[in-house]
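The structure appears right after this line, and notes come after that.
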Protein chains: 2
Amino acid sequence: MKNTCHTRLALLLTYAMSIVSSFPVQGSPTAVGSGQLNLMPVPASVQMQPGRLPITTNFTVATKGYADDRLRSGIARMSRRLAGRTVMSLPFDLATDAGAATLVVECERGGSPVPSLNEDESYSLEVTDRQARLVAPTVVGAIRGLETFLQLLQGDREGYYLPGVKIMDQPRFPWRGLLIDIGRHYQPMEVLKRNLDAMAAVKLNVLHWHLTEDQGFRVESKKFPKLHSLGSDGLYYTQDQVREVIAYAAERGIRVMPEFDIPGHSTSWLVGHPELGSAPGPYKIERAAGIFEPALDPTREQTYKFLDGFLGEMAALFPDAYMHIGGDENEGKQWDRNPQIQAFMKEKGIKDNHALQAYFNQQVLKILQKHGKKMIGWEEILHPDLPRDAVIHSWRGAASLAEAAKKGYNGILSAGYYIDLIFPASQHYSADPLPADSTLTAEEAKHVLGGEATMWSEWVSPETIDSRIWPRTAAIAERLWSNRDVTDVEDMYRRLAVISRQLEELGLTHERNYPVMLRRLANSENTVPLRTLVSVLEPVKEYRRYQMRPQTMLSPLTGLVDAARPDSDAARQFASMVEGFLSDAPRFRLYRSDIADSLNSWRGAGTALDPMIDRAPGLHEARPLARNLADVAAAGLEAMAYLSSGDAAPAQWRDAQLAKLDEAAKPKAALELVIIPSVRKLVVAAAELPSAK
Amino acid sequence: MKNTCHTRLALLLTYAMSIVSSFPVQGSPTAVGSGQLNLMPVPASVQMQPGRLPITTNFTVATKGYADDRLRSGIARMSRRLAGRTVMSLPFDLATDAGAATLVVECERGGSPVPSLNEDESYSLEVTDRQARLVAPTVVGAIRGLETFLQLLQGDREGYYLPGVKIMDQPRFPWRGLLIDIGRHYQPMEVLKRNLDAMAAVKLNVLHWHLTEDQGFRVESKKFPKLHSLGSDGLYYTQDQVREVIAYAAERGIRVMPEFDIPGHSTSWLVGHPELGSAPGPYKIERAAGIFEPALDPTREQTYKFLDGFLGEMAALFPDAYMHIGGDENEGKQWDRNPQIQAFMKEKGIKDNHALQAYFNQQVLKILQKHGKKMIGWEEILHPDLPRDAVIHSWRGAASLAEAAKKGYNGILSAGYYIDLIFPASQHYSADPLPADSTLTAEEAKHVLGGEATMWSEWVSPETIDSRIWPRTAAIAERLWSNRDVTDVEDMYRRLAVISRQLEELGLTHERNYPVMLRRLANSENTVPLRTLVSVLEPVKEYRRYQMRPQTMLSPLTGLVDAARPDSDAARQFASMVEGFLSDAPRFRLYRSDIADSLNSWRGAGTALDPMIDRAPGLHEARPLARNLADVAAAGLEAMAYLSSGDAAPAQWRDAQLAKLDEAAKPKAALELVIIPSVRKLVVAAAELPSAK
């Protein structure tokens, strides 16, 4: 049976290769053929076929070849989502007659029960008007394929169906992760679970669980209970809960890699165990954001004994092959001031703090090796003495990753994937762990394992975290799974909107909490003008939020800056219309009325907000933004009038408007009006283009 | 210290009584004085005072007198919500200087750590421009008062504040519950927790946890593990989870009363233990909705031995004084057909199934007594042989409750509070456990302990359940807490809208999941016309849904009927405008343009839906509703034209329109267009009123 299965798979794969070579996938590969598909990440190869497979209440699934509980659960979850989306009562029991089933899933083996970096995640999916056949060497590959199956669902007057298609798929990189920092802001179990569901939906395969931070030690240690009991405000995961998360992830073919960030970022450890610190205690849980001085003492035997005990306990709890030791942002100030540490360095000939940390890492590496784990750490751990089997996690850029690869280190990329920095999806989408201009040899390139989006949690609560992760992380997931030449930003955004909606069926709250937050801020059911304002605002980028609006980890994250999203659809669409409008010179007809409608609604909202803000003190900080919105819209409308009339605007008018726009472009309440660049284009064009025509 | 506290409380209470008598609370008691308050449930006595207490980042809370962890947690939760609502970073540590604190909480004692029917929940709250003082005999009373404190928050140009006020409050009934049936549809822990938060927000104090049903046995039994392992599809609460729910509820002063429904509604028990049944097995978990035959065998000693073991285990797990044994809807068909049972009845002189069930109840009562529990059951258990210390749970009406009270039984009311039947809040609001026309003596009336809203779960999923419970249950909570004469429906709806929004801050999803469901149905971001349609639809009432749209417990609850809500705001507002408009005869000016706007938007939506429905097969069943909406709106617009013109519409036109409305009034897809009665009034008036003028 297995053999048959395998042979068929081999045949199908051979066939697929010929498709790939004869139909090279380029540009907008999901729009191939007659229909427009909404697949994300884009599969390695997609070929449209004639016919369509109707999805009716007679829908059934059968397995062929290998099947286990994980596969059956995956099929049941898919069926439940299919039923929910189609509002059809579907049978949940597997069909016995594979020949008659709507979907047949053929696997060869289960794959590693503990998800592994070496897992075969490939699959093929063929849909004809008679049946869909999902073939995969492993159950994990089948689980990936089931997500593609669901993404293929379409509907029209005749009902729901899947278009005829042949898909051959496998990931470009084996390590495709999402880091969730639950140190700075704890997240309840359901947040983790729904995000694991979302990760599976876009074929991510590593949850990097950042479990300890200055602001919280969030995992139960039975060996050293003071760690979590004194370091977490009671907000930690019990070991049972950890096992629950690991099992939940494994069901979905997702690794769970823990991070215990040392020697820096360790204030919360020291609350219960000040003896591990490089300065005398007592220590308190950190409430601010930033880089802090506390660091473990790398010179004392006691430190390593403790770490041996603790990391050993964690190594038994977390089955993943890798353990992340952080290692970032330790500036060594406590070390500099500690005479005993200075004496130790002198004695051992350790020339600086970087070398001292390398020494520390070597000791930690031995501990991890003793407990059967491979070490990974932030790129600061890179040092001539670092053994070659450590993995480098780059947060500075693909260049440092390449440098590590040339030295023979495996590495993953997070530079470019810092979703906490509030950049648009398009920007993350352009970051490639192995860019086209890479100078790595094929052999060196193999050291580049993939990447991870990083959800650092200074400014996210359970209410907002999904909106900071999704949908943008789906674009990163595509970068890590799909071919390098899948780079059409417009098509990415088109599909992202569809996938974002589908994520909601998994309970994700990135969209649903938005109106809730606006209602609370407005203290009213009627949020129309507020929503119009917020739709063209984005939180300030990078690390400017804290400077502009200082808060602690105990502050509420319910403000306007928390409600606003990172990647304004309205501003992007407006920018695209303005571009079209200006390219339509000298007629200036294209999108003219749409642009005017947008500008009018913004001007109206800016005015309508005043009485709303009066009643809602939480919105008081929005007042200058509302005025700016009205002013910017008015400038845009005047520019449109010039452009439509054909008379050039006076230079004086232009300069006055540009000055106004510059003023409005200054962030307020840690928010930016992101339509300003487009309005600026209109103003400049109003003064220049008509005379040019 | 305690003594001082007590004296002050006594003084305050004496003072309050004088207020109550000199300022009788009538009609819209929350609108007393200058400001309009949004308190729900309305307190026993509210007196506006001059001044206001600003809420700033200097906000602090101090305790005086008795304080314990439960009180401190309650204060911390309140502070966190206050911070979230005001977007202010507030200190979370208690202040030490009570004189300077913004809010002082003075308690006398902790109250029962296991919430009890006899708990003193009273409190008083006085707000001046200097301080708010919350005084309560018990921590539970203080927790109730903290909710009132939060409901008092208001905002304007000057910022957030509490208006000056003196409130003396205690509940009318000691038993104010919400039944959640997790038998038919399991609900995850977070659903229970957020609903406990919402219950606390409106001062409900009993979670009636309906744990077993034909469709699921949902609590872990360590003694009889086949009960949950075979009877639940794996969807049950572990005993640890049960303890977690109980502790979570107790923190909020909420009792958790379990129900184990016997002898009927017990199919799921029999899957693992067919030997308990009155007919030979095997049994399967029931998937349909309805009343089913399986019932425990009341004639065998083995049954009682089993129940002794199981209920004993549960009695130890659940600390509440009461245990609900269900007892409803056993039609005894299995008993009729079982010769051994028939022989037993003959031998014992048991004349019918009702008497046999009474016999069963007596045995169960003995078991409960042995394990220290008081028995409560649905009103079927009422029988001449029923001992007086059993509590009667009425689902037929206040009359049967009164009858029981006259016989000396304590009782609670659920008739009128069946929120699963999709009636509007106003209807539940009018049901009173002890109506004004009650003929009970004062002594008998004491037997009426209160009531419970019942969330039977045939047609609710974790996604929709909140929308079936909230906000309507807040109106029931008010009925059970507030004075009998608090009956102003319009004012209730005004406050309900505010409270509903505040419930969202606790994570409730009754509003936030609505647009998600519409997006999924429409398979689009743009749901405007669909939302317009659904805003004037309500699911069919009572038990008609299953007849019109048969489904099982495994069917998806993602259809239009699931998205639609029970109590259309749009229809209620339209009805009120039409009433105003018609009362403005013969001018017919009042609300004329608002009514026309509504009708036009409905007509437009009806038309705009067609292409949307084409693309979304899940919406195909909405097509006749969309057409009806357009037709009904057109009829309304024609009627408005007649009324505005002053010419009477011809009788023929009227009859044709009424026939059309009758047709449109027929439910489709288990949904009703609820604007039809108002449009009918317009049509009739168009034909009659102008001639009458």
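The values are calculated or read from the model by the stated rules, or taken from the named source; none is laboratory data. Bear in mind the structure is a predicted one, so any value in this text is a computation, not a measurement. Here the Cβ positions follow ideal geometry from the backbone for every residue, glycine too, while neighbour counts run over all protein chains shown. Quick note on the areas: whole protein, heavy atoms, side chains included, nothing else; ligands and nucleic acids left out. Shrake-Rupley method; radii C 1.70, N 1.55, O 1.52, S 1.80 Å.
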Which residues' amide hydrogens lie under 5 Å from the amide hydrogen of B:Glu452, considering only partners 5 or more residues apart or on another chain, with H built in the peptide plane? B:Gly177, B:Leu413, B:Ser414
Neighbour cut-off at most 14 other Cβ (10 Å), DSSP loop, trypsin sites (Lys or Arg not before Pro), segment A:580-633: A:Arg587, A:Arg589
Semi-axes of segment A:346-448's equivalent ellipsoid from the Cα gyration tensor, sqrt of 5 times each eigenvalue, largest first, rounded to whole Å? 28, 16, 13
Heavy atoms of A:Arg494: accessible area, 1.4 Å probe, square angstrom to 10: 60 Å²
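Pop out the carbon and sulfur fraction of the accessible area of the protein assembly as shown as a percent, whole number, probe 1.4 Å. It would help to have the intermediate numbers written out before the result.
Numbers: 26380 of 49590 Å².
Carbon and sulfur together cover 53 percent of it.
Using only Cα atoms, what is the ratio of the radius of gyration of the protein assembly as shown to 2.2 N^0.38 Å?
Numbers: Rg = 33.5 Å, N = 1386, 2.2 N^0.38 = 34.4 Å.
Computed over Cα atoms of the protein assembly as shown, the ratio equals 0.97.
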Chain B - mean residue ellipticity at 222 nm from DSSP helices (-39,500 (n - 2.57) per run, n ≥ 4, rounded to 500): -14000 deg cm²/dmol
Rounded to the nearest 0.05, FRET efficiency between B:Lys305 and B:Arg544 (Cβ-Cβ, R0 25 Å) equals 0.05
Whole-Å distance linking the alpha carbon centroid of segment B:233-259 with that of segment A:210-281 is 27 Å
At 7 Å out from Cα toward Cβ: A:Ser229 inter-copy label distances (nm, ascending): 3.4
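Dividing the convex hull volume of the Cα atoms of segment A:170-300 by its residue count, what figure in Å³ per residue is obtained? Spell out each step's value before the answer.
Values: hull volume 15.8 nm³, N = 131.
Cα convex hull per residue, to the nearest whole number: 121 Å³.
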Regarding segment B:126-190, what are the three Cα extents along the principal axes, ordered largest first, in Å? 51, 32, 18
Placing +1 on each Lys and Arg Cβ and -1 on each Asp and Glu Cβ in segment B:272-337, then taking the dipole about the Cα centre, the residue among B:Phe306, B:Tyr283, B:Ile325 whose Cα reaches farthest towards the positive end is B:Tyr283
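Please report the net charge: other residues with Cβ closer than 10 Å to the Cβ of A:Lys407, K and R +1, D and E -1.
Details: positive: A:Arg388, A:Lys406; negative: A:Glu403, A:Glu444.
Once all neighbours under 10 Å are counted, the net charge is 0.
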Would you work out the charge dipole size for the protein assembly as shown about its Cα centre, treating the Cβ of every Lys and Arg as +1 and the Cβ of every Asp and Glu as -1, and quote it to the nearest 20 debye? 60 debye
Taking only C-alpha positions in segment B:215-362, Rg and Dmax in angstrom work out to 16.0, 51
Label points for B:Arg80 built 7 Å along Cα→Cβ; distances to same position in the other copies, nm, shortest first, come to 2.7
Sequence-distant or interchain residues sharing an amide H contact under 5 Å with B:Glu672, placed H: which? B:Glu538, B:Val540
Stokes-Einstein D for segment B:552-693 at 4 °C, 1.567 mPa s, Kirkwood Rh over Cα pairs, in µm²/s? 81 µm²/s
Cα-based Rg of chain A normalised by 2.2 N^0.38 Å, two decimals: 1.04
Order of exposure, largest accessible area first, which applies to A:Val114, A:Val165, B:Val674 with probe 1.4 Å: A:Val114, B:Val674, A:Val165
Can you return the lysines within cross-link range of B:Lys666? Criterion is Cα-Cα under 23 Å, with same-chain partners fewer than 8 residues away left out. B:Lys541, B:Lys681
What are the ³J(HN,Hα) values, in whole Hz, obtained from phi via the Karplus relation 6.51 cos²θ - 1.76 cosθ + 1.60 with θ = phi - 60°, for each residue of segment B:364-377 in sequence order, with x given for Gly and Pro? 5, 4, 4, 5, 4, 4, 4, 9, x, 10, 8, 8, 9, x
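Where does each of B:Tyr283, B:Tyr409 land when they are ordered by accessible area, with a 1.4 Å probe and the largest first?
Details: B:Tyr283 30, B:Tyr409 5 Å².
Result, largest first: B:Tyr283, B:Tyr409.
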Eligible lysines near A:Lys407 by straight Cα distance, threshold 17 Å, same-chain separation 8 or greater: A:Lys446
Cα-centre dipole for segment A:212-278 with unit charges at Cβ (Lys and Arg positive, Asp and Glu negative), debye to 20: 220 debye
P(r) for segment A:106-225, please, calculated from all Cα pair distances in 5 Å bins and given in %. 2, 10, 16, 17, 15, 12, 11, 8, 5, 3, 2, 1, 0
Take every DSSP beta bridge whose two residues both sit in the protein assembly as shown, then give the antiparallel share in percent to the nearest 5. 40 percent
Normalised by the number of residues in chain B, what is the relative contact order in percent for Cα pairs under 8 Å and 6+ residues apart? 11 percent
Using +1 at the Cβ of each Lys and Arg and -1 at the Cβ of each Asp and Glu in segment A:447-530, identify which of A:Leu530, A:Thr454, A:Leu503 lies farthest towards the dipole's positive end. A:Leu530
Strictly over 30 Å apart at the Cα level, which of A:Lys193/B:Lys668; A:Lys222/B:Lys193; B:Lys223/B:Lys348; A:Lys166/A:Lys203; B:Lys203/B:Lys284 would you flag in this model? A:Lys193/B:Lys668; B:Lys223/B:Lys348; B:Lys203/B:Lys284
Please give me, ordered by residue number, the trypsin sites (Lys or Arg not before Pro) of segment A:168-269 that lie in loop per DSSP and have at most 12 other Cβ atoms within 10 Å. A:Lys222, A:Lys223
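A:Leu150: net charge of surrounding residues, Cβ under 9 Å, Lys/Arg +1, Asp/Glu -1, itself excluded?
+1
Rank A:His428, B:His447 by accessible area, highest first, at a 1.4 Å probe radius? Let's see the in-between values first.
Details: A:His428 5, B:His447 50 Å².
The most accessible residue leads, giving B:His447, A:His428.
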One decimal, nm, shortest first: give the distances between the label point of B:Ala355 and those of the same position in the other copies, each label point 7 Å from Cα along Cα→Cβ. 10.0
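Of all beta bridges DSSP finds with both residues in chain B, what is the antiparallel percent, to the nearest 5?
40 percent
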I'd like the accessible area for A:Arg70: 1.4 Å probe, protein heavy atoms, all chains in place, Å² to the nearest 10. 20 Å²
Over all directions, segment B:305-394 yields a Cα convex hull whose mean projected area in nm² is 6.1 nm²
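Calculate the FRET efficiency for A:Glu329 and A:Ala76 from the Cβ-Cβ distance with a Förster distance of 56 Å, rounded to the nearest 0.05.
Working: r = 44 Å, r/R0 = 0.78.
That gives a FRET efficiency of 0.80.
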Sequence order, segment A:638-655: Karplus ³J(HN,Hα) from phi using 6.51 cos²θ - 1.76 cosθ + 1.60, θ = phi - 60°, Hz rounded, Gly and Pro as x, gives 5, 4, 4, 5, 4, 5, 6, 6, x, 8, 5, 6, x, 4, 5, 4, 4, 5
How large is the accessible surface per residue of the protein assembly as shown, computed with a 1.4 Å probe and reported in Å² as a whole number? 36 Å²
For segment A:129-189 and segment B:367-442, write down the distance between their C-alpha centroids in whole Å. 52 Å
What whole number of Å gives the distance from the Cα centroid of segment A:530-566 to the Cα centroid of segment A:656-670? 18 Å
Once amide H atoms are placed 1.01 Å from N in the peptide plane, what residues at a sequence separation of 5 or more from A:Tyr322, or on another chain, have their amide H within under 5 Å of its amide H? A:Lys374
